[in-house]
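The values are calculated or read from the model by the stated rules, or taken from the named source; none is laboratory data. Here the structure is a predicted model, which is why all the values come from computation and not from measurement. Virtual Cβ from ideal backbone geometry, glycine too; neighbours counted across all protein chains shown. Note: areas computed on protein heavy atoms with side chains; ligands, DNA, RNA excluded. Shrake-Rupley method; radii C 1.70, N 1.55, O 1.52, S 1.80 Å.
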Amino acid sequence: MNIQDNYQKNKKNIFFSENKDIQTYREKLINIFENDRFDKKNNESLKNINLKNFFDFKYKYLISEETSVINNNQENSYSIVSVNGQCLSYKDDKIEITKILDEDYIDFSKNDIIENNDHFVNLNSLFLNSGFKILIKKNNNIKIKISNIITDDDLTIFQKNNYICEEGSSLNLIEEYENKNNSTSNILNVIKLEKNSQLNHFLIQDNSSNHNLIITTHSSVKKDSTYTQKVYNFSEGYVRNFHYSELKEANSEADLQGIFFLKDNNTSNNKTYVKHLAEDCKSNQVYKGILNDRSKATYFSNTHVDQVAQKTEGYQLSKGILLSDNASYFSKPELKIYADDVKCSHGSTIGPIDENAIFYLRSRGMSKIAATKILISSFINEELSSIDNEQMSEIIQKKLVRYLSKVK
Amino acid sequence: MNSDTLNTLNSYSINKYKYGFVTEIDDEKPKKGLNEDTIKFISLKKNEPEWMLDWRLKAYSKWKKMKEPKWANLSFPEIDYQDIYYYSAPKGFEKKPKDLSEVDPKLIETYNKLGIPLEEQKVLAGVAVDVVFDSVSVATTYKGELEKLGIIFCSIGEAIQKHPDLIKKYLGSVIPPGDHSFSALNSAVFTDGSFVYIPEGVKCPMELSTYFRINAENTGQFERTLIIADKGSYVSYLEGCTAPKRDDNQLHAANVELIALEGAEIKYSTVQNWYPGDEDGRGGIYNFVTKRGLCAGKNSKISWTQVETGSAITWKYPSCILKGDNSIGEFYSVAITNNFQQADTGTKMTHIGKNTKSKIISKGISLGKSQNTYRGEVSFLRKADKARNYTQCDSLLVGNQCGAHTVPYIDSKNNTAVIEHEASTSKINEDQLYYCRQRGLSHEEAVSLIVNGFCKQVLQELPMEFAVEAQKLVSISLEGSVG
Amino acid sequence: MFLEIKDLSVKIENKNILKSLNLNINKGEVHAIMGPNGSGKSTLANVLAGKEDYEILNGSINFKDNDLFDLNIEERAQEGMFLAFQYPVEIPGVNITPFLHSAINSKRKRMNEEEIDNLSFAKLLKSKASDLGINIDMLKRSVNTGFSGGEKKRYEILQMSILNPDLAILDETDSGLDIDALKIVTDGVNKLKTKDNSFLIITHYQKLLDYIKPDYVHVMVNGSIVKSGGSEIAAEIEKDGFQKFQ
Ligand SMILES: Nc1ncnc2c1ncn2[C@@H]1O[C@H](COP(=O)(O)OP(=O)(O)OP(=O)(O)O)[C@@H](O)[C@H]1O
Ligand SMILES: [Mg+2]
C-alpha cells in the first residue's frame, strides 16, 4: 500500500490528525515521499535499506496504556516500563511525565538540522501513534531506567519522546530495547538541555531478528551543558541509530558513541551529525563495529562548524573489524568547516583483526579462536571499561560473551 | 587571530594573476553552440575518419539525455552550452606546422612569456613538450629522439590519423563516454590533446609534457589525453595550464585516460593555474575534468600528483582502478583556493585485484572567501584480498570567511583488506609563525614557508623541473605579489 | 644603556604576570634569572621577543636605542634579539637549512649587508653544526620535527651561533640536556661571547652557571625581581630553594 493511502486509512489511530497545522505539515511530507526518486546513492537514510519493507508496511497499532509502570523505587531514581510506546502520566516535585503534545510536535517540525530526506523521521512524523514527554526540573539529579516493551506481533510503533533537562539538572537515562516479536519501532527522541545541565544517555539494544528498531535522536544543547549518548547494539534484527545534535550555545558539548556487534544477515545503519553553532564547544563522535558473517553496516559522521563557532574542538573516529569475507562496512566521516580557529580531525580504519597480534598471542600458547576473542574484546575495551554503572557493565559483558560464543 | 596575521591575509587575498594576458591573433571558429553540425565541423577540420565521427555523435546523443552530476559542493550559474564556441584555432592551422618557422611568431612569443620556450636552441632540457593553444596542438618538441625509442608522443588528432588501432582499442576504455555528462560532452567535441604510447620495456628517458593555453574568448576547451604504458614500461607526464584574464567564465572539460599494462608505471603530474577570476569572483575558468587511470596489468602503478591553484571552479577527481593484482594507485594533491574560488577535488581508488595498494595525501588550503572540499572514495571489492589504503587529508584555514570540507567515502567488502584514514582541519599555527618571526623572517615569508612545509609531502612527488616552480606558485597563490 | 626594562607590568587573559619589573643589561654582560615555576620568566622572555598575546599595562623597554614596542617580532630579531625557546615548536615540512638561510639573510638585509649565498651558507652551517656535535644528517630534517628534547635545545644554540645575536635570551636551555651536551652547548655559548654582546640566561640549576659565568644573578618571584647579586645567590638558591625570597 502506498504511503498516502496508508495514512488516509489509519488517520483515526494517528496522533493529532485533527490539528489543521499538523495536517498541512503532513501533506507536505506525503508530497516528499511521492516526489522523491529514492536515490540510494546520495541519500544517507536509504543506504543498505530494503525500501519495500519500510515504506510498504502494514500499519497496526494497539493501545495498552494500562500495563505501563512507573516506579519511584529509590530517591531520585525511577524505573519505567513503556508499553507500545506509551507511558502513564506522573508528577512529583522533581520530574513530570506526560503524553506527547501537539505543540511539541509542531516545535520539532520546525527544526532545520534533520534533512527533509530522512524518510524515517518523516514516516515517524506522519504516522505518530505514541510517545511521552519527561521533564527534569531545575537542579535535580535524576536516574531513570526505561524498558521498552512491545506486546504483539505485527505492530508498528511510531513514537516520539521529549526529554527536557531544566537548568542545573542532570539525568542519567538508561533505555533497554529487548523485543522478541515481529514488529517495528520507529522512535524519535527529542532532547533539550537547558543551561548547565547534563544528560547521560545509554541505549542497550538487543532485539531478536524479527524486530526492526529505528531510533533517531535530536539533541539541542545550551550553554555549559553536556549531552552524552552511548549505544550498545547487540540486536539480531535491523537497527538504525541516527543522531543529530546542535550545540547552540557557548561551552556546550556532545559526546556520541556507539558500538555494534553484527552477525548473520544483519544490517545496522548509523549516523552522527554535530552542528557547532557557538564558540568554545566540543564534540566527539566515535563508533566502532564488529561485523561477522554476511552482516553490513554504515556509519556516517559529520562535524559541521558554523562561521561563528570559533575555538571548536571536534573529533571523529570510526573503526570497523570485518570477521568474515562476506561482511561489509561503509563509512563516511565528513568535516564541514566555516570557522578558522578550530581543531577538528577524524580517523577511520576498517580491516581484519591484526594478524601480528594474533600471531603474538598464539606464540604464547593461545588458540586462534581464543586470540580472536581477546582481540575483539580489547578493540572495545575502552568503551566497556568506561561504563561506571556496575549493573549495566555486567549486562553488557554478558551480551558480549554471548556474541563471542558465536564467533568461529 | 592577531591583527598582523589579518593584515598579511588581506594582502594575500588580493591575488594577481601573472598569466592573464591575451594574445592578439586571428582565429577561426565555427558558430557558437552545440549540435551535430558543430561536431561534424570539428571532425572535418581534424580530417577525421568516419568511425571517429560516429563515435563522437554517439557520445553526443548520450549527452543530450544526461544531467550534470550534482553531488559536488559547488555553486555556479547554469552553464549555457549553446553560448560557447567549441573550436578555436589560430588562423593557418589547418595542418600542424612542420617546424617553428611556420608558426606565427606571436605564438612563440606567448609561450616565451609563459616560460615555455619552443625554439630549438632554448627548449627545456629533459622535457619534451606538446603545446596546445585553444583547440590545437601547435608544437611538439624532442619528437625525433623519442621516435628512436619507439615512443609515440603526438597530438591526439595526429594519433587518430596515424595509429587508429591503438585509438580504437583504448579511447573511452577507461572513461566510457556515457560515464557522466562531462565525459559525454568531451567525447563529442574534444578538439586536441596528447597521445602517448610507450612500447614494452621502454623507460621513457625524459619528462613528457603538455601545456594547455586557453586564449580565445567564450571558447570551451575540451582536450583529450590518452596515455598507454605497455608491459614493463615507465613514463612521467606533466601537464600545465594557463588562461588569460577575462570577465566571463570559460569552460574547460578535459578527459584524461591512463592505461598501465603489466609491470608498467605512469606518473602524471599537473600544475593547474588557470585564471581563477578576480577578487570579486568575476570571471575565471570552470574546470570540470575527468581523469582516470586503469592499472590493467599485474604489478602496474599509476600515480597522480596535482597542484591546483587556479580556476574559479575546480571539479576534478583523478582516480585509479586497481584491477591487476599487486597494482598500486597514488594520489597526491595540493589545492589552494582564494577569493571566491571553489574547489571540489579528490580521488577515487577502486580496489579490484588482490594485494592492491593505494595512498592518498591531500592538502587543502582555503583563503579569502573560498570553499575548498576534499571528496574521495576508497572501495575494496569482494576479491580485493589483502588490499590496503592509507589516506591522509589535512586542511588549513587562513581567515574566517572561507570553508574547508572533507568528504571521504570508505567502503570495504573484503575482510582481509585494511583501510586507514586520517584527516585534520586547523588554522595556521600561531606558535610556528612566532617562531619563524623570532628568527627574523617577515610575516609573509613565515606564512609562505609554513604553508609550503604543510604541502611538502605532495610537492616532493613532483619531478624536479616542476617542484621548484610549484613551490613558487604556492607562495604566489598566497601572496599575490609577483616576483 | 643596551637593554633597559623599566617598571614593566604585563597581563595575559586577565592575569597579571609581570609586576613593575626592572632590569638593566649592559653590553658584554651575562645575566641569569632564577625563579620558581610560574614566576614569569618565560613571559619576560616572550615579551622581549615581541609575542603578541600579552597586554602591556605599564612600563617601557629600550633596546639599542630603540623603543622595543615600536618593533614587531621580526624587526627585533633582525636588530639582534634572539630567544632560545623553552619549548621550541615543530614545523613539519620546513627544512632546517633553507629556513635558517632565509633567517640570516633577512637580518643581513636589514643591516644593509650583502646576502650570503647558498654555498657559503652551507659551509658555515656545517662547521657550526659540527662544533656543537650536531650530526650533518639532522640538517636535512624539518625544523624541530621529531627531535628529542635535547636535540631541540642543541638546535636552538646552533641557530644562535649562526645568527650571532647582540642579545641572546636562553630560556631553560639547560633542561633536557645530558651532561656532555650541556658541556658542548655551554662551550658554544662561551665561544660566542664577546665584549659586544649580552646574554640573559633563564635557568633553574646552578650547574649551568658553573659553565657560563654570570656577572649578575636575579631572583624572580611572582612577576618581579626580588633580589639581585652575584653568583653567590645561585648557590644560596641551590641550598635553600626559593622559600625565603617569597
Ligand atoms: N597564555 C597564557 N594564558 C594564561 N596564563 C598564562 C599564559 N602564559 C603564561 N601564563 C601563566 O603565567 C604564569 C607565568 O608563566 P611563565 O611561563 O612565564 O613562568 P616561568 O617562570 O617561565 O615558569 P617555568 O619555570 O615553569 O618555565 C604562569 O602562572 C602561567 O600559567
Ligand atoms: Mg618558563
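In this calculation the C-beta distance from A:Leu62 to A:Gln307 is compared with R0 = 51 Å, giving a FRET efficiency of 0.55. Of A:Lys28/A:Lys99; B:Lys32/B:Lys168; A:Lys275/B:Lys427; C:Lys193/C:Lys227; B:Lys357/B:Lys383, which pairs sit farther than 22 Å apart, going by alpha carbon to alpha carbon? With Cα atoms farther than 22 Å apart: A:Lys28/A:Lys99; B:Lys32/B:Lys168; C:Lys193/C:Lys227.
Just the accessible area per residue of the protein assembly as shown, please: how many Å² with a 1.4 Å probe?
Per-residue accessible area for the protein assembly as shown comes out at 39 Å².
Annotation: aspartates and glutamates with alpha-carbon distance below 14 angstrom to A:Lys282 (same-chain offsets under eight excluded): A:Asp224, A:Glu246, A:Glu249, A:Glu253, A:Asp255, A:Asp306, A:Glu313, A:Asp341. Charged neighbours of C:Leu177, selected by a Cβ distance under 15 Å, balance to -4 (K, R count +1; D, E count -1). Roughly how many percent of the accessible protein surface of region C:1-130 is carbon and sulfur, given a 1.4 Å probe and a whole-percent answer? Its accessible area is 42 percent carbon and sulfur atoms. Report the calculated FRET efficiency for B:Ile79 and C:Asp137 (r = Cβ-Cβ distance, R0 = 51 Å), to the nearest 0.05. FRET efficiency, B:Ile79 to C:Asp137: 0.40.
Which is the longest run of chain C containing none of the GluC sites (Glu not before Pro) found in DSSP loop states (not H, G, I, E, B) with at most 10 other C-beta atoms within 10 Å? That gives C:115-246 as the longest site-free run. Distance between the pseudo-spin-label points of A:Asn182 and A:Arg402 (7 Å out from Cα toward the beta carbon): 2.1 nm. Taking every DSSP beta bridge with both residues inside the protein assembly as shown, roughly what % is antiparallel (nearest 5)? Approximately 15 percent, going by the DSSP bridge assignments. For region C:160-246, trypsin sites (Lys or Arg not before Pro) meeting the loop criterion (DSSP other than H, G, I, E, B) and having at most 16 other Cβ atoms within 10 Å: C:Lys193, C:Lys195. Summing Cβ point charges (Lys, Arg +1; Asp, Glu -1) relative to the Cα centre of the protein assembly as shown gives a dipole of roughly 2960 debye. So for chain A: antiparallel DSSP bridges make up what percent, rounded to the nearest 5? Percentage antiparallel, nearest 5: 10. With a 1.4 Å probe and every protein chain kept in, tell me what percent of the accessible surface of chain A is carbon plus sulfur. C and S fraction of accessible area: 45 percent.
Considering only alpha-carbon pairs that sit under 8 angstrom and 6 or more positions apart, the relative contact order computed for region A:3-356 is 10 percent. Neighbours of B:Tyr170, meaning other residues whose beta-carbon lies under 14 angstrom from its beta-carbon, give a summed charge of +1 when Lys and Arg score +1 and Asp and Glu score -1.
Here region A:240-318 and region B:376-439 have alpha carbon centers that stand 17 Å from each other.
A loss of 30 Å² or more of accessible area (1.4 Å probe, protein heavy atoms, ligands and nucleic acids excluded) relative to the isolated chain is seen in these residues of region B:419-435: B:Ile419, B:His421, B:Ala423, B:Thr425, B:Lys427, B:Asp431, B:Gln432, B:Tyr434, B:Tyr435. Extension gain for A:Arg362 to A:Lys11 (0.36 nm times residue separation, less C-alpha to C-alpha distance): 120.2 nm. Each DSSP beta bridge with both residues in region C:3-245 is either parallel or antiparallel, and the antiparallel ones are about 55%. For region C:9-41 versus region A:348-408, the inter-centroid distance based on Cα atoms is 55 Å.
Both chains summed, the buried accessible area for C and B stands near 2100 Å², from protein heavy atoms and a 1.4 Å probe. Pairing chain A with chain B buries about 2800 Å² of accessible area. This figure sums both sides and uses a 1.4 Å probe.
If you filter region B:267-351 for trypsin sites (Lys or Arg not before Pro), then keep DSSP loop positions with at most 16 other Cβ within 10 Å, what is left? Answer in residue order: B:Arg282.
So which of C:Lys11/C:Lys41; C:Lys107/C:Lys140; B:Lys58/B:Lys162; A:Lys288/A:Lys399 end up more than 19 Å apart, counting from Cα to Cα?
Cα-Cα > 19 Å for C:Lys107/C:Lys140; B:Lys58/B:Lys162; rest within.
Comparing C:Gly223, C:Gly80, C:Gly59 in a Gaussian network model of chain C, where Cα atoms under 10 Å apart are tied by springs, the biggest mean-square fluctuation is seen for C:Gly59. Taking each of A:Lys133/A:Lys296; A:Lys180/A:Lys408; A:Lys47/A:Lys398 in turn, the alpha-carbon distance tops 29 angstrom for A:Lys133/A:Lys296; A:Lys47/A:Lys398.
If R0 equals 35 Å, the separation of the Cβ atoms of B:Lys203 and B:Lys70 corresponds to a calculated FRET efficiency of about 0.25. In a shell of Cβ-Cβ distance under 10 Å around A:Gln310, excluding A:Gln310 itself, what net charge do Lys and Arg (+1) and Asp and Glu (-1) give? Net of charged neighbours comes to -3.
The trypsin sites (Lys or Arg not before Pro) found in region A:125-161 that occupy coil by DSSP, while having at most 14 further C-beta atoms within 10 Å, are A:Lys138.
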